[in-house]
Amino acid sequence: MKRTELERRERDLRKAQKKEEALEKRSGQGASVGDFIDQLSGLFRHDATEIFNTKDDINVLEVLEEMQAIIPQKKWDDVLKKAIKKTGVVEKDRAYKELTELLSLDEEESEEEEVGV
């Protein structure tokens, strides 16, 4: 075998190993931002104008809590906005406001538990 072909095979092997490591890293983290966007948009009950179950649905609240545990806080807005946008409702601002209120309530409760109040 020529030297160039050996080097090409080594490069291909390194690429394959790098891909495997990246896939393992992703699967080890749990859910991604896209997964949470899909979960939330799938749980929302809506018509053409508004989302109805932002405040009172347990499943939505559970997904939000899981999102808070896994995803960094700076990504939360992206998840909420994109999930709302995916529904195609007109009143996006109201739904976003209600969901951010839920997130802030969850933050306050978890802080109180940590402090021991």
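The values are calculated or read from the model by the stated rules, or taken from the named source; none is laboratory data. Please read these numbers as outputs of a predicted model, since none were measured by experiment. Note that each Cβ is placed from the backbone with ideal geometry, even for glycine, and that neighbours are counted across all protein chains shown. The area values use the complete protein model at the heavy-atom level, side chains included, leaving out ligands, DNA and RNA. Shrake-Rupley method; radii C 1.70, N 1.55, O 1.52, S 1.80 Å.
What's the number of the condition K85 fails, among (1) surrounded by fewer than 16 Cβ atoms within 10 Å (Cβ to Cβ); (2) at pLDDT below 90?
Of everything listed in (1) surrounded by fewer than 16 Cβ atoms within 10 Å (Cβ to Cβ); (2) at pLDDT below 90, K85 misses just condition (2).
If you take the residues of region 97-117 that are open to solvent by 60 Å² or more (accessible area, probe 1.4 Å) and closer than 14 Å to K55 by Cβ, which of them is modelled with the lowest pLDDT?
Among those residues, the one meeting the criterion is L105.
Within region 29-56, can you find the residues that are assigned to a loop (DSSP other than H, G, I, E, B) and open to solvent by less than 30 Å² (accessible area, probe 1.4 Å)?
Filtering region 29-56 down to residues assigned to a loop (DSSP other than H, G, I, E, B) leaves 30-32, 44-45, 47-50, 52-56.
A31, F44, N53, T54 - these are the residues of region 29-56 that are assigned to a loop (DSSP other than H, G, I, E, B) and open to solvent by less than 30 Å² (accessible area, probe 1.4 Å).
When the residues of region 66-77 are filtered to those that are in a helix (DSSP H, G or I), farther than 17 Å from G42 by Cβ and not basic (K, R), which remaining residue is most open to solvent (accessible area, probe 1.4 Å)? Break it down stepwise before answering.
If we filter region 66-77 for residues that are in a helix (DSSP H, G or I), which is where we start, we get 66-70, 73-77.
From what's left, farther than 17 Å from G42 by Cβ: 68-70, 73-77.
Next, from what is left, pick out any that are not basic (K, R): 68-70, 73, 76-77.
Values: Q68: 41, A69: 86, I70: 71, Q73: 116, W76: 24, D77: 67 Å².
Applying the filter and picking the extreme gives Q73.
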